[in-house]
């Protein structure tokens with residue numbers, strides 16, 4: 001583990017654009033590339049090369065859990081072994097079958113101090129599993145007590161309070177830890193090469209997504225008050241993550257669905273004030289997503305489709321945010337889709353008169369008391 005880690009800066013709240021959230025979004029490509037530094041890759045390879053898991057368990061809460069779900073999906077596809085994500089408290093109190101010496105357990109906590117995550121990781125280690133701890137803090141409890149620790153190579157992200165850039169680094173570091181257990185040099189090398197290509201593609205398209213985000217946010221800001229987000233496969237964790245960020249940053253309700261579950265009941269609530277975001281990068285679900293978009297368009301609900309199939313027959317009422325072509329978009333499309341959605345979220349907050357860095361604490365200071373009760377000092 002590389003012990004070098006930039007210290008967390010002293011933050012002063014910004015009162016106008018660009019907010020810190022914009023900095024986080026713009027730093028996504030360089031953050032992804034930092035995770036692929038040759039020395040860091042060598043460290044991960046050396047740390048994981050003797051690990052040969054028969055199954056993978058991933059543990060986290062909030063954004064870290066969503067990163068875990070994304071990692072699990074790709075692990076099943078690339079490594080072809082069982083991989084599942086668990087909420088940290090669920091894992092600790094109701095430990096799943098199979099956590100033993102043949103298991104790899106990867107835990108993620110941005111601070112490395114989230115109590116439930118630390119306890120779950122430590123329990124997995126006590127049961128014989130090989131544990132990996134991922135955090136922005138190299139001296140955190142999570143990293144120090146794991147068999148192998150990985151510190152985010154990019155600066156600590158405390159603004160905005162909902163994680164933006166670190167969603168990407170946590171996902172990539174977890175994927176690298178898992179992929180480096182592969183016995184195939186080709187699998188490992190191709191994965192790293194593809195992430196490098198994706199980072200460059202995001203860099204090239206951030207300006208386009210900023211423009212689209214500004215335009216759609218201007219349409220939605222005075223209309224939408226709650227949201228539904230849906231995706232298939234690798235995009236389901238994205239739906240969960242963006243739904244969480246809509247709640248955290250806007251202080252408005254959001255519900256997340258797998259693509260098919262979105263068709264079973266939620267349509268009864270489609271009204272003008274509902275904003276719907278569909279993620280689509282897997283060709284297997286394109287036809288179904290088109291049908292769903294047409295169904296939404298028959299109502300007064302607002303619709304955004306984030307897709308690499310922008311030329312498909314989307315309804316005229318849909319706002320389409322185009323994603324670039326990338327190889328294996330069913331897996332790697334998770335990264336550009338998240339970056340595009342974060343741009344929309346950023347400008348939607350601004351157009352609603354909010355500071356996207358503060359999670360509404362400047363408007364509702366009593367919410368700080370909620371967090372203080374949920375997380376006593378040193379536990380989050």
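Side notes on the structure shown:
- None of 146, 124 is modelled with pLDDT of 95 or more, buried (at least 24 other Cβ atoms within 10 Å of the Cβ) and out of contact with any helix residue (DSSP H, G or I) (no Cβ under 7 Å at 6 or more places or on another chain) except 124.
- The one condition in (1) assigned to a helix (DSSP H, G or I); (2) modelled with pLDDT under 95 that residue 18 fails to fulfil: (1)
Rundown of residues vs (1) surrounded by 15 or more Cβ atoms within 10 Å (Cβ to Cβ); (2) assigned by TED's automatic domain parsing to the domain that holds residue 233; (3) at pLDDT below 95; (4) in contact with a helix residue (DSSP H, G or I) (Cβ under 6 Å, 6 or more places away or on another chain), yes/no style:
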{"position": "11", "(1), (2), (3), (4)": "no, no, yes, no"}
{"position": "27", "(1), (2), (3), (4)": "yes, no, yes, yes"}
{"position": "56", "(1), (2), (3), (4)": "yes, no, no, yes"}
{"position": "71", "(1), (2), (3), (4)": "yes, no, no, yes"}
{"position": "91", "(1), (2), (3), (4)": "yes, no, no, yes"}
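- Residue within region 51-73 that is assigned to a helix (DSSP H, G or I) and over 30 Å from residue 359 (Cα atoms) present: no
- Within region 273-380, strands (runs of 3 or more DSSP E) holding 1 or more residues that are touching a helix residue (DSSP H, G or I) at 6+ places or on another chain (Cβ under 7 Å), modelled with pLDDT of 95 or more and surrounded by fewer than 19 Cβ atoms within 10 Å (Cβ to Cβ): 319-322
- Of all residues in region 310-359, those being in contact with a strand residue (DSSP E or B) (Cβ under 7 Å, 6 or more places away or on another chain) and not assigned by TED's automatic domain parsing to the domain that holds residue 286 number 0.
- Here is the figure for region 234-270: residues that are surrounded by fewer than 20 Cβ atoms within 10 Å (Cβ to Cβ) and farther than 18 Å from residue 352 by Cβ total 12.
- In region 265-288, the residues that are more than 22 Å from residue 327 (Cβ to Cβ) never reach a residue that is at pLDDT below 95 with C-beta atoms less than 9 angstrom apart, at least six apart or across chains.
- Subset of region 93-108 (residues that are touching a helix residue (DSSP H, G or I) at 6+ places or on another chain (Cβ under 6 Å) and either surrounded by fewer than 24 Cβ atoms within 10 Å (Cβ to Cβ) or modelled with pLDDT under 95 (or both)): 99
The values are calculated or read from the model by the stated rules, or taken from the named source; none is laboratory data. Only a predicted model underlies this, so the values are computations on that prediction, with no experimental measurement involved. Please note: Cβ atoms are built from the backbone with ideal geometry, for glycine as well, and neighbour counts cover all protein chains shown.
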